[in-house]
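Scroll down for the structure; my scribbles are underneath it.
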Amino acid sequence: MKKQIKRKINNQSGAAMLISVIFFLFISLAIISGLVSPTLRGFRISNDLIKSRQSLFLSESAAEDAYFRLKTAKAVDPAETITLGGNSATVTITDSGYNEKTISSLGDVDSRQRRNELVLSAGATGVSFGYGVQSGTGGFVIGNAIVYGNVYSNGNITGANGATITGSAFAAGTSGVIDNIDVGQEGVGDIRAHTVANSTVAGNLYCQTGTNNNKLCNTSEADPDVIDMPITQAMIDEWKLHAEEGGTIAGNLTVSSPTTLGPKKITGNLVINADLTVTGTIYVAGNITTNNGARVSLSSSYGSTGGIIVSDGRVILSNNVEFFGSGSSDSYFLLTTTSPCPVGCSGLNAIEILNNVGAIIINAQNGTVHLNNNVELNEVVGDSIIIDNSAEVHYLSGLANPDFSSGPTGGWSIKSWKEIE
């Protein structure tokens, strides 16, 4: 009988194998997790970056849309929302300073937010003043006074003894006459008119008919052309609108103590008896008068641009009133009226200036400007202009194209643009 041999089975070997498999599985999962997690994290970062960029572009688009509306004078609310691709951006527009607006735009794409800030400054209106004096068909009459610069008239230019123009003198058209004027200095300064009489010229004398002049007529050139006035009605309308944006004062206003004013519309008359600092365009529907040696100054915020006062009535500047720019050598006041006086005004003039004035340009394209004794200013424009004895006009070369702050309707330029969040 054979002897049976019994084998001992080691049941622990299967458990060890199972442990090894599980251990290997965990190691594999750890390795896979180590590989996958950075990938997922990178995917999330990339996704956040994409949405953040989308938010930035959305914010910029909203700011550009608001800027375009302001630039083109289209309707725009102080708060706007635009939607692109199912995502939105909100825009707020605030007045952050004189002639300055700030556009703040917030883009939001799946709670990823980016904010831009766009600061705009009001564009300026450039007005070309190429002559110390420019008159319309009413012409220019000068007493024993001096114009330092050129004179251009669509009518005649006539003077009393001692009347002097240091630059050139032009009287337009076939009916243009220059009579009894000393023109030019040290060989520089021409006369151009169809008819010239009783005049002395330092430069050339271009005319078709001449009598009792220091030179014979050079007939080789045609008569000067009639030219347009430097300020258009559209400009005046724009300035009035800008003034109205600052609110309206009903009735008359008397400045009897140091005052800051503008932009503002005054429906009545403006009387200036004390120092006035102008911070924005002023539109006076009535008359303007000054007294008591008042000083009228532009705010320093104007910088190198000029300021504007518009009137529909008469302007009377008296008793040593003085006008000052912002402190910059390129800054001037422009005082303009639409008044047609003396037509329908019992012989009264549109602008009457009695004493020293200062850094100012005077304009009355529809009426008459009358400068009395001891007046000094930079530029005079009027349909007709009368300058009495001892008055002086000092034209500055910078007046050839000065800029005047004209408010939002003058256009907006970008002062700064940056991301702030």
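So the values come out like this:
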{"item": "Projected label distance in nm at residue 174 and residue 232, using a 7 Å step from Cα toward the beta-carbon", "result": "3.0 nm"}
{"item": "Extension gain from residue 414 to residue 348, taking 0.36 nm per residue of separation minus the Cα-Cα distance", "result": "19.2 nm"}
{"item": "Pairwise label distance in nanometres, residue 260 with residue 87, each label 7 Å out on the Cα-Cβ vector", "result": "4.2 nm"}
{"item": "Rounded Å value of the spacing that divides the Cα centres of the stretch 347-392 and the stretch 300-332", "result": "14 Å"}
{"item": "DSSP bridge pairs, the stretch 311-380: antiparallel proportion in percent, nearest 5", "result": "0 percent"}
{"item": "Separation in nanometres of the label points that stand 7 Å from Cα toward Cβ, at residue 95 and residue 374", "result": "4.0 nm"}
{"item": "Rg/Rg_ref, the stretch 171-226, where Rg_ref = 2.2 N^0.38 Å and atoms are Cα", "result": "0.98"}
{"item": "Ranked by how many other beta carbons lie within 10 Å on average, peptides 215-222, 229-236 from highest", "result": "229-236, 215-222"}
{"item": "Nearby aspartates and glutamates by direct alpha-carbon distance to residue 265 (threshold 15 angstrom, same-chain neighbours under 8 apart not counted)", "result": "237, 238, 244, 245, 312"}
{"item": "Extension gain (nm, one decimal) between residue 301 and residue 64, 0.36 nm per residue minus Cα-Cα", "result": "82.7 nm"}
{"item": "Cβ-derived FRET efficiency at R0 30 Å, residue 221 paired with residue 160, nearest 0.05", "result": "0.60"}
{"item": "Considering only the stretch 171-226, percent of DSSP beta bridges that pair antiparallel, nearest 5", "result": "10 percent"}
{"item": "Under 20 Å from the Cα of residue 418 - aspartates and glutamates, other chains or at least 8 residues apart", "result": "60, 64, 65, 80, 95, 100, 108, 117"}
{"item": "Linear extension gain, residue 200 paired with residue 390, 0.36 nm per residue minus alpha-carbon span", "result": "66.4 nm"}
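Only the coordinates and a few stated rules stand behind these numbers; no lab work does. This one's a predicted model, so the numbers in the text were calculated from it and none came from an experiment. Don't worry about glycine lacking a Cβ; one is built from the backbone with ideal geometry, like all the others, and counts go over all protein chains shown.
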